[in-house]
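To start, the structure itself, in structure tokens.
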Amino acid sequence: MKIFETYTVAMFAFFVALTSPTDSVSQTLNVICDEWPPYQIIDDNKVDGFSTNVVKTVFSRMGVDIGTIRVYPWKRAITMLENGTADALFSVNFEKSRSQFALYPKETIILSPWVMWSREEDRLKFDSLNDLIGKIVGMVRGYSYTPELWDFVKKHEIYEEASNDKQNFLKLNFGRIDVIPAELGNGLYLVNKLGLNTVEPLMRNPLKRDGLYIIFNKNNIDGSFVDKFSAELKKLKQEPIYKNLYDEYFTLVSQLPGK
């Protein structure tokens with residue numbers, strides 16, 4: 001009888017180990033992102049960019065296989081992370097509601113400012129959200145921005161949604177919308193890449209300064225693994241390789257007045 005009980009306990013422990021969120025992650029981790037240059041750049045069907053290289057370097061140092069990083073539209077990507085189809089997603093702002101299904105590392109990939117953008121000829125000033133009244137604001141579907149901005153544009157019915165930032169910048173350039181919120185590095189990259197010489201960031205009053213993270217599905221990945229990733233990322237950010245990557249992808253940010 002004792003032998004049977006011992007066998008039962010052992011099998012139960014084995015079953016729990018198999019069904020618990022992974023701690024050491026011995027299998028290939030399913031990591032996804034959206035196209036969001038210069039953080040995630042699609043080049044010849046491969047994913048490059050600042051965040052991509054940072055994330056791949058950290059996982060490599062941890063000895064974790066992430067295979068091929070797959071790219072999806074943002075709204076689909078965040079849904080995949082929520083339902084556990086994907087294990088990890090980058091680059092993501094913090095939003096409290098996402099903590100219901102995702103684990104955030106303590107360490108950010110990078111801190112970045114989000115600003116409003118308009119056409120130079122419109123000479124739009126942005127001191128507060130009230131300056132947006134009477135304007136059409138371009139918003140990317142599924143982006144967090146700030147709760148205050150979303151509440152404001154919905155209350156005044158002054159927004160149009162797009163699938164991605166590229167669509168928004170093109171609509172702004174052609175006068176189909178009046179102003180858009182966008183992350184500074186991404187906006188400068190798109191303005192330069194698309195040749196939108198009359199589109200400018202309104203730097204005086206940033207919408208927010210926020211961290212970009214890689215987040216993990218909490219049912220698939222154990223918290224101790226996320227802590228290890230965070231610790232390794234923190235180390236990397238103190239090394240020359242991190243600064244070299246920043247200098248490679250954020251030349252346009254460094255050239256801004258006051259930088």
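Laboratory data are not the source of any read-out in this text; all were calculated from the coordinates shown. As the structure is a prediction and not an experimental result, all values here were calculated from the model. Note: ideal-geometry Cβ built from the backbone for every residue, glycine included; neighbour counts use all protein chains shown.
Key figures for this structure:
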| read-out | value |
| --- | --- |
| Cross-link partners of Lys208 among aspartates and glutamates (Cα-Cα below 14 Å; sequence separation of 8 or more within a chain) | Glu95, Asp127, Glu148, Glu183 |
| Hz values of 3J(HN,Hα) by residue in segment 180-187 - Karplus curve (6.51, -1.76, 1.60), Gly and Pro given as x | 9, x, 7, 5, 4, x, 5, x |
| Among Phe152, Asn173, Asn217 the positive-end extreme of the charge dipole of segment 135-217 (Cβ point charges) | Asn173 |
| Relative packing of peptides 102-114, 148-160 - highest average C-beta neighbours within 10 Å first | 102-114, 148-160 |
| Listed residue pairs exceeding 28 Å between alpha carbons, taken from Lys96/Lys154; Lys96/Lys171; Lys154/Lys218 | Lys96/Lys171; Lys154/Lys218 |
| Given Lys56/Lys193; Lys46/Lys125; Lys125/Lys193; Lys125/Lys234; Lys46/Lys228, the pairs whose alpha carbons are separated by over 29 Å | Lys46/Lys125; Lys125/Lys234 |
| Difference of contour (0.36 nm per residue) and Cα-Cα distance, Lys125 to Glu148 | 6.4 nm |
| Spacing of the two label points (7 Å from each Cα toward its C-beta) at Arg70 and Ile241, in nm | 2.7 nm |
| Identified option (computed Cα extents along the principal axes in Å; candidates (i) 44, 42, 38; (ii) 60, 34, 31; (iii) 85, 43, 31) | (iii) |
| Length-normalised contact order of segment 112-209 in % [C-alpha pairs under 8 Å, at least 6 apart] | 50 percent |
| ³J(HN,Hα) computed for each position of segment 128-141 - Karplus, 6.51 cos²θ - 1.76 cosθ + 1.60, integer Hz, glycine/proline x | 7, 4, 4, 5, 8, 4, x, 9, 9, 9, x, 10, 8, 4 |
| By average C-beta atoms within 10 angstrom, highest first, the peptides 134-144, 60-70 | 134-144, 60-70 |
| Highest average packing first - 161-170, 48-57, Cβ atoms within 10 Å | 48-57, 161-170 |
| Segment 135-252 shape via C-alpha gyration tensor axes, a/c threshold 1.5 | oblate |
| Cα long-axis angle, helix 50-62 against the chain (0 to 90 degrees, to the nearest 10) | 20 degrees |
| In degrees, nearest ten, helix 2-19 long axis to first principal axis of the chain (Cα) | 20 degrees |
| Beta bridges by DSSP in segment 112-209, antiparallel share as percent, to the nearest 5 | 65 percent |
| The chain: angle of helix 74-83 to the longest principal axis, Cα-based, in degrees nearest 10 | 20 degrees |
| Rounded to 5, percent antiparallel among DSSP beta bridges of the chain | 70 percent |
| The chain, relative contact order [Cα under 8 Å, separation at least 6], % | 29 percent |
| Sorted by Cβ neighbour density within 10 Å, fewest at the top, the residues Ser230, Ser99 | Ser99, Ser230 |
| Under Karplus coefficients 6.51, -1.76 and 1.60, residue-wise ³J(HN,Hα) of segment 104-114 in Hz, glycine/proline x | 9, x, 5, 9, 7, 5, 6, 9, 9, x, 10 |
| Estimated FRET transfer efficiency (Glu157, Asn192; beta-carbon r; R0 30 Å; 0.05) | 0.35 |
